[in-house]
1. Using a ≥ b ≥ c from the Cα gyration tensor of the stretch 352-413 (square roots of the eigenvalues), is it rounded, prolate or oblate, where a/c under 1.5 gives rounded and otherwise the larger of a/b and b/c decides, a/b for prolate?
2. ASP260 versus ARG291, label points 7 Å from Cα toward the beta carbon: distance in nm?
3. To test your reading of the geometry: what angle, between 0 and 90 degrees and rounded to tens, separates the Cα axis of helix 84-101 from the longest principal axis of the chain?
4. Which angle from 0 to 90°, rounded to the nearest 10, does the C-alpha axis of helix 190-208 make with the longest principal axis of the chain?
5. So for the chain, averaging the separation of alpha carbon pairs under 8 Å that are six or more residues apart and normalising by length, what relative contact order in percent results?
6. Which of rounded, prolate or oblate describes the chain when judged by the alpha-carbon gyration tensor and an a/c cut-off of 1.5?
7. Can you bin the stretch 75-165 into rounded, prolate or oblate? Criterion: square roots of the alpha carbon gyration tensor eigenvalues sorted a ≥ b ≥ c, rounded for a/c under 1.5, prolate for a/b above b/c, oblate for the rest.
8. Please arrange LYS409, LYS346 by how many other C-beta atoms lie within 10 Å of their C-beta, fewest to most.
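Bear in mind that the values in this text are calculations on the coordinates, not laboratory data. Just so you know, these numbers come straight off a predicted model, no measurement behind them. Cβ atoms come from the backbone with ideal geometry, glycine included; neighbour counts cover every protein chain shown.
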Amino acid sequence: MAPSPPGSAASSQPAATPSPAALSAFWFLHMAGMGMIFPFQSLYLRENVALAGTQLGLVLAIRPLIGMFAQPFWGLVADRTGSRGRVLAWITLGAALALAVFPFAESFPALLCAMAVVALFGSSVMTMNTSVTLAALGPNAAERFGRIRVWGTLGFLLLVVGFPPLLELAQARLGLESAPGGPSEPGLGSMFWLAGALSGVAAVFAFRMRTAGAASVKAQPGDLRRLLDHPPFRRALVYAFLAFLFLQGPILLLPLFVADRGGDLATVSRLWIPMLALEIPLVLYSGSVLRRLGPRALLAIGVLADGGRWLACSYIDDLRFIFALQLLHGVVVAGMIIGLQLYVEKVVPERLRSTAQGVLGMVGGSVAGMLSVALGGALLEHVGVDAPYRIGGACAVVLGACTWLLLPKPVRPDEGEAAPA
């Protein structure tokens with residue numbers, strides 16, 4: 001084994017790290033804010049701001065476009081400085097402030113700029129929080145990760161279900177009513193202010209985290225290049241790119257798909273109940289599934305489930321059957337989303353976990369996500385609302401079936417090097 005460089009895990013003594021309670025609170029608050037924005041933002045842009053389909057796709061694509069640069073940048077800053085908790089706190093605070101001013105952007109150019117600022121900070125929060133959590137959990141972190149991550153799902157569920165009735169109550173008290181030809185929910189922009197407030201509280205928790213030990217290990221010059229030369233990591237990036245290219249657009253355009261079937265804001269909200277109902281136990285016990293099946297099987301199951309879900313939905317008009325199919329969403333999150341993060345965690349050195357998760361987010365959620373949303377918006381406008389679901393779903397099923405061909409068995413490289421010789 002090569003000697004560990006200064007600042008590596010082998011030369012660091014255990015010290016205080018973020019507590020499970022603080023990490024759980026951060027996941028809860030941050031994803032509670034996402035529970036308001038993520039399911040309803042395309043509806044807001046289409047109805048409240050009156051964007052055309054292609055414009056909507058471009059605005060949604062700005063977040064992954066900026067994230068393409070922001071995620072690896074913040075990850076590299078965190079790994080080179082060892083201040084992962086402090087970096088997490090600052091980008092969360094930046095995201096909170098950006099969300100607070102977003103509703104004031106009403107024109108197409110202003111929305112592009114506002115989304116860019118949100119993405120500069122907000123696109124990296126999840127990946128940075130993942131790396132901080134994995135570092136804080138110590139040995140067998142991948143198997144224990146789901147116990148912390150599940151609090152994020154609970155926060156998301158609470159707000160995705162609770163926000164629509166709260167909005168209806170607020171609109172009634174303020175005398176905001178839907179007018180013919182106007183938005184169905186005239187006060188929908190308030191979700192950005194509320195999400196910003198929750199992110200602000202989450203930032204307070206992050207500033208109070210003490211990151212030391214494995215959470216403060218520093219990367220070395222040249223590590224990024226060696227990381228990108230590591231074959232298992234490169235293959236994981238290709239797999240992530242394809243998975244998000246096929247599947248990111250459909251989930252972001254879901255409110256428009258539901259509206260085409262006769263649903264409204266409340267329908268979209270209720271649709272997330274079956275989506276999250278199975279996600280909670282699956283995320284909670286994802287560590288047990290990981291030990292039994294391995295990350296590649298976890299990934300294959302998640303991608304096959306998501307592809308099959310959207311492919312089936314594209315041929316169904318009855319919202320009752322579409323509701324039932326959303327139970328597969330929990331399999332997708334535990335399998336594809338968390339599975340990718342845990343696969344990468346197992347094939348990179350500890351000192352590069354923030355950079356690796358940032359690059360993974362860049363390639364999957366940003367580059368592929370940007371293309372997926374832009375293509376989805378164009379398909380929606382020129383072909384029809386079913387096209388992103390039918391094409392993306394079919395391609396994802398093929399990808400899931402090829403998982404073992406694309407990904408090697410995960411093995412963490414020696415801590416003395418970013419990649420094995």
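1. On the way: a/c = 5.55, a/b = 1.66, b/c = 3.34.
Because a/c hits 1.5 or more and a/b fails to exceed b/c, the stretch 352-413 counts as oblate.
2. Result for the modelled spin labels: 4.4 nm.
3. Relative to the chain, helix 84-101 is tipped by roughly 10 degrees.
4. Helix 190-208 sits roughly 20 degrees off the main axis of the chain.
5. On the way: 784 pairs, mean separation 128.3, N = 421.
Here the relative contact order equals 30 percent.
6. Numbers: a/c = 1.83, a/b = 1.45, b/c = 1.26.
Here the chain falls in the prolate category.
7. Numbers: a/c = 3.30, a/b = 1.41, b/c = 2.35.
Because a/c hits 1.5 or more and a/b fails to exceed b/c, the stretch 75-165 counts as oblate.
8. Values: LYS409 11, LYS346 18.
In order of increasing Cβ crowding within 10 Å: LYS409, LYS346.
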